[in-house]
Amino acid sequence: MIDHFLFAWPARSLLRLLFLGLWVMSSSVYAGSFSCAIASASGISLTYDPISPTQTSGTGTLAINCTKSGSNLAVIFYELGINGGVNLSGVQSRALNGTAAMNYNTWRDNGNSQVWNDISSNRIKGSLSSTSSQTIYVNYYVSIPAAQIAGAGTYLDTQTVKLYQGISASAATTDISPTIQTFGVSLTVAAKCTLSSPPGNVHFNYTSFQTTASLASTSFAVTCMNNTTYSMTLDSASGTLLGLSYSLSLSQSGTQTGNGFAQGATINGSVASGQSGSCNGASCTASEPRTLTISY
């Protein structure tokens, strides 16, 4: 009786071990059915206005091809990380135009609240369950903060995306051989100037045959992007009102260079002395429009 009991116990033990071995082998075949790679990564091309008070935003798309062997149902987990670009300053992504830099940020959500980088908790994550090969499309988001002092030109960077994958979420997180894909970032600043503070009126007070010139002026301000060259001209430097000849001039002449801030200037006017004019009453008034042109 004792010998019979000892013989039966190892048989049952061996049966359990064989079942365990079959289960592990079945799991491995099931998990290896998918192989994923980044098929394409659309680049980002945005036009930025440093004078605008709001940030500039854009959307890009990643295409992931998951190739499946066999017809059984299989699951793959994936994570997408991004390296921050080739012009990083600390953790800040930057695009460069020569030595000039423009900051921008990458996000996992359209609301720009979930940062996207290559820390596992900040990767774009998902999974696929299918019986056939599939292509997954994933959006990512880019924003350029407002009020950067940026000169006109094109600012470039290159980002590298890494695709981590595995048969479970934890396996994807610890994947040590991610597939990679790069995409370009192109941020363009077009030359632009605005009349940030428009001129008022040039108002003369004049008495017939007065012995000194009547002087008047008005100020204004121009805001041009950093390193943007511009010039200012008046449609006419002289005119006649009520029989009185006047002249106008700008305080700045020739080519100016913007610095991203408001730059002040004045329109100066003069009515020469000794003119009689054509007013036949105790007082008269007259006016005419003049045009200020900012060329850049």
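Observations, loosely collected:
- Residue count, the stretch 152-166 (criterion: modelled with pLDDT under 95 and of a type in the set (Lys, Arg)): 0
- Boolean, Thr59 is loosely packed, with under 15 Cβ neighbours inside 10 Å and under 19 Å from Asn117 (Cβ atoms): yes
- Here Thr131 fulfils each of the conditions (1) at pLDDT below 95; (2) within 22 Å of Gly258 (Cα to Cα) apart from (2).
- If you filter the stretch 132-151 down to residues that are among the hydrophobic types (A, V, I, L, M, F, W, C) and under 14 Å from the mean Cα position of the chain (by Cα), you find that the one that is surrounded by the most Cβ atoms within 10 Å (Cβ to Cβ) is Ile144.
- The stretch 266-279 - residue that is among the aliphatic types (A, V, I, L, M) and touching a strand residue (DSSP E or B) at 6+ places or on another chain (Cβ under 6 Å) and, of those, nearest to Asp49 (Cα to Cα): Ile267
- Here Gly84 fulfils each of the conditions (1) assigned to a loop (DSSP other than H, G, I, E, B); (2) touching a helix residue (DSSP H, G or I) at 6+ places or on another chain (Cβ under 9 Å) apart from (2).
- Residues (more than 16 Å from Arg94 (Cα to Cα), polar (S, T, N, Q) and surrounded by 15 or more Cβ atoms within 10 Å (Cβ to Cβ)) located in the stretch 152-184: Gln165, Thr173, Thr179, Gln181
- Some residue of the stretch 30-47 being at pLDDT below 75 and open to solvent by 80 Å² or more (accessible area, probe 1.4 Å): yes
- The single condition from (1) out of contact with any Asp or Glu (no Cβ under 6 Å at 6 or more places or on another chain); (2) surrounded by 13 or more Cβ atoms within 10 Å (Cβ to Cβ); (3) modelled with pLDDT of 95 or more that Thr54 fails is (2).
- Of all residues in the stretch 204-220 being aromatic (Phe, Trp, Tyr) and closer than 13 Å to Leu242 by Cα, the one that is nearest to the chain's Cα centre (by Cα): Phe204
- Selected residue [over 25 Å from Ser71 (Cα atoms), in contact with a strand residue (DSSP E or B) (Cβ under 8 Å, 6 or more places away or on another chain) and at pLDDT 95 or above] from Ile149, Ile119, Ile176: Ile119
- Qualifying position, being out of contact with any His (no Cβ under 8 Å at 6 or more places or on another chain) and under 23 Å from Ala63 (Cβ atoms), among Tyr155, Tyr104: Tyr104
- Residues of the stretch 268-293 satisfying the condition of being in a strand (DSSP E or B) and among the β-branched types (Val, Ile, Thr): Val271, Thr293
The values are calculated or read from the model by the stated rules, or taken from the named source; none is laboratory data. As the structure is a computational prediction, the values presented were derived from the model and not from experiment. Heads up, the Cβs are rebuilt from the backbone with ideal geometry, glycines too, and the neighbour counts pull from every protein chain shown. Quick note on the areas: whole protein, heavy atoms, side chains included, nothing else; ligands and nucleic acids left out. Shrake-Rupley method; radii C 1.70, N 1.55, O 1.52, S 1.80 Å.
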